[in-house]
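Accompanying notes for the structure given below.
Coordinate-derived values only; no laboratory data. Since the structure is predicted, the reported quantities are computational estimates derived from the model, not experimental observations. We place every Cβ from the backbone using ideal geometry, glycine too, and count neighbours over all the protein chains shown.
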Amino acid sequence: IGTWCRDCEMKTFPPVAVCPECMSENLEPVVLSVCGTLYSWSVVHVAPKGWRLPYIAAYVDLPEGVRVFTHIVGTSPEALAFDMAVELCTARLGTDADGRSVESYAFTPAE
């Protein structure tokens, strides 16, 4: 779920209270696509305590014109290619300070 501005029609993710394009508060929730294309990525080897390393940090472009910062899971960096199709999933990214599992949205190569 993202945000759609009724005034300038910009879509954003994550949801916001004020449109970053026109500063309007005339916003509503919008369902975004679960499939997109891989824009860029990097392999991260240093992270806060509890994060699974290494991980792939990436930008994914959705058809609605939204670019999402995310993790790529279920593949190796060598298997990635610019503009490849990816799809939304959830993934365990690590643990918090109390040892509890931290899960979030991620993307994986589309089949």
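State the answer as a single residue: which of Thr12, Gly36, Val73 lies farthest towards the positive end of the charge dipole of the chain, with beta carbon charges of +1 for Lys and Arg and -1 for Asp and Glu, about the Cα centre.
Working it through, the farthest residue towards the positive pole turns out to be Val73.
Pull the list of the chain cysteines that no other Cys approaches to under 4.7 Å, Cβ to Cβ.
Cys35, Cys89, each lacking another Cys Cβ under 4.7 Å.
Can you list the chymotrypsin sites (Phe, Trp or Tyr not before Pro) in the range 48-91 that are in a DSSP coil and have 15 or fewer other beta carbons within 10 angstrom? Walk me through the numbers on the way to the answer.
Working: sites: Trp51, Tyr55, Tyr59, Phe69, Phe82; in loops: Phe82.
Passing both the DSSP loop test and the Cβ count: Phe82.
Can you give me the Cα centroid spacing of the range 1-28 and the range 43-97 in angstrom?
What the calculation gives is 25 Å, centre to centre.
What is the Cα convex hull volume of the chain when expressed per residue in Å³? Walk me through the numbers on the way to the answer.
Numbers: hull volume 13.1 nm³, N = 111.
It comes to 118 Å³ per residue, whole-number rounded.
In nm, to one decimal, how far is the modelled label at Ser40 from the one at Arg6, with both set 7 Å along Cα→Cβ?
If labels sit at Ser40 and Arg6, their model points lie 3.6 nm apart.
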